[in-house]
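Shown next, in structure tokens, is the structure this report addresses.
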Amino acid sequence: MQVPHMNKGNGDTSYAKNATVQREIISVGKPIMQEAVQEMLRSCNVTHGNRRLRLLLGTQDFICNHRHHRHGESRKHSSRSAPGVKTERRERAWTRILLQIGCSGLFLRQIVPCQQPAFRAFFFQSSLALTGYGRMLQAPAGLESDDLKYVNKGKLYISKSSPQCVMDAYSLQFKKDFSLFIKSRSQEIVPGGRMYLSFLGQRSADNTTEESCYSLELLTEAIMSLAREGRIEEEKVDSFNAAYYGPCAEEMKEEIQTEGPFTIDRLEDFEIDWDSNVVADIHTPQGKLLIGQGVAKNIRSVVESVLESHFGIQPDVMDDLFIWFADIVGTHLSKSRTKYIYTVMVLTRKG
């Protein structure tokens, strides 16, 4: 199975160049993460010794300034540390203070062996990895059977026309994965340690609202237009189920409370514009074009490898797909200022 990845390099469709929404999300969450790190330092009593404290505060700065250039790479370590700290000591401190800044593929299960308490972490951070392609590399297991494989006909994700079994399959897959994630982290984080999670979700439990990744609905519209022209196989659209799920806060809280090892210190929702950092008047033809193109490039930098793998789309068809998608997005945003719902959660490991 091919592992999905963000678009590499620094070109016009690269993730590095087009991750404007993701950068804004990191910026919005930065003060919350800083506060969580400071609380962790106090509660875990890791402030003994100025040298170690400087190292941990340097870690905090690195976490908050880190960007998502992590696909296809191993976990990143900061080169910043207090003078005189040996590399071996720094690596050991990094392992204890932080797990999972960035890791390709799944990290639902344990990252370090629980029988090595010296390597248990004080702080765990995950931004935008729990609910998207970094979390679930294939469709919900319940939709892989021959009976249900094509049940969500003509759609990439949950929509108003999706049968209830599709919604149930996504919800069940999320609960299963998130439960395993919480169990694994509980064995790796010391009592009093913190976990900072951020993810795209929704305020409502209704997965068919516009705040529930409606961009995939518009992408479906663009793909189906090319399918009707015979440039994309419609059967492949019918068999595709996006590896994404945007939970509401209540779903997260329910699983955390069921598992039991963490308490919720903070839970906040923020609205993020689809067209982050695009300065233009959406009500003019030029503005609508620019905003649509900006959103399309951001989405393309995330999903292009998935579309290439499943649909076998050639470069010229891919270009046409996102030109059409940009036009659809621009038209939509000129009528409805749909926003992403971004949720931040800070958890504390119980003693």
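The values are calculated or read from the model by the stated rules, or taken from the named source; none is laboratory data. In this text, all values refer to a predicted model and were calculated from it rather than measured experimentally. Because the Cβ atoms are built from the backbone with ideal geometry, glycine has one as well, and the counts that use them run over all protein chains shown.
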Close pairs (9 angstrom Cβ cut-off, 6 or more residues apart or separate chains): exposed (fewer than 14 other Cβ atoms within 10 Å of the Cβ) in the range 257-272, modelled with pLDDT of 95 or more and not hydroxyl-bearing (Ser, Thr, Tyr) anywhere = Gln257/Ile264; Thr263/Leu347
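Among the residues of the range 147-163, is any in contact with a Gly (Cβ under 7 Å, 6 or more places away or on another chain) and at pLDDT 90 or above?
Checked against the condition, which is being in contact with a Gly (Cβ under 7 Å, 6 or more places away or on another chain) and at pLDDT 90 or above, the range 147-163 yields no hits at all.
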inquiry  = So the check is Cβ under 6 Å with 6+ separation or different chains; which pairs have a first residue in the range 201-218 that's in a strand (DSSP E or B) and a second one that's of a type in the set (S, T, N, Q) and surrounded by 15 or more Cβ atoms within 10 Å (Cβ to Cβ)?
reply    = Gly201/Thr343; Gln202/Ser212
query = If you take the residues in the range 1-13 that are out of contact with any helix residue (DSSP H, G or I) (no Cβ under 6 Å at 6 or more places or on another chain) and either touching a residue at least 12 places away in the same chain (Cβ under 8 Å) or surrounded by 14 or more Cβ atoms within 10 Å (Cβ to Cβ) (or both), which one is nearest to Val295 (Cα to Cα)?
reply = Asp12
query = Pick from Thr348, Thr338, Thr343: which is touching a His at 6+ places or on another chain (Cβ under 9 Å) and within 27 Å of Lys30 (Cα to Cα)?
reply = Thr338
note = Taking the range 197-225 and keeping only residues that are touching a Leu at 6+ places or on another chain (Cβ under 8 Å), hydroxyl-bearing (Ser, Thr, Tyr) and either under 21 Å from Ser179 (Cα atoms) or buried (at least 22 other Cβ atoms within 10 Å of the Cβ) (or both), one is left with Ser198
task = Tell me, please, whether a residue that is of a type outside the set (Val, Ile, Thr) and more than 22 Å from the chain's Cα centre (by Cα) can be found in the range 295-311.
result = yes
query = Going by the conditions given, is Lys253 exposed (fewer than 15 other Cβ atoms within 10 Å of the Cβ) and either under 22 Å from the mean Cα position of the chain (by Cα) or modelled with pLDDT of 95 or more (or both)?
reply = yes
query = Residue check, Val317 against (1) touching a Phe, Trp or Tyr at 6+ places or on another chain (Cβ under 7 Å); (2) surrounded by fewer than 19 Cβ atoms within 10 Å (Cβ to Cβ), all met but one. Which one?
reply = (1)
query = Hey, does the range 277-290 have a residue that's of a type in the set (S, T, N, Q), touching a residue at least 12 places away in the same chain (Cβ under 8 Å), assigned to a loop (DSSP other than H, G, I, E, B) and surrounded by fewer than 19 Cβ atoms within 10 Å (Cβ to Cβ)?
reply = yes
note = By residue number, the members of the range 226-238 that are touching a helix residue (DSSP H, G or I) at 6+ places or on another chain (Cβ under 8 Å) and either within 30 Å of Asp177 (Cα to Cα) or in contact (Cβ under 8 Å) with a residue 12 or more places away in the chain (or both) are Leu226, Arg231, Ile232, Glu233, Glu234, Lys236, Val237
request  = Please state which of the following conditions Asn152 fails to meet, knowing it meets all the rest: (1) on the phi < 0 side of the Ramachandran plot; (2) in contact (Cβ under 8 Å) with a residue 24 or more places away in the chain; (3) assigned to a loop (DSSP other than H, G, I, E, B); (4) surrounded by fewer than 18 Cβ atoms within 10 Å (Cβ to Cβ).
outcome  = (4)
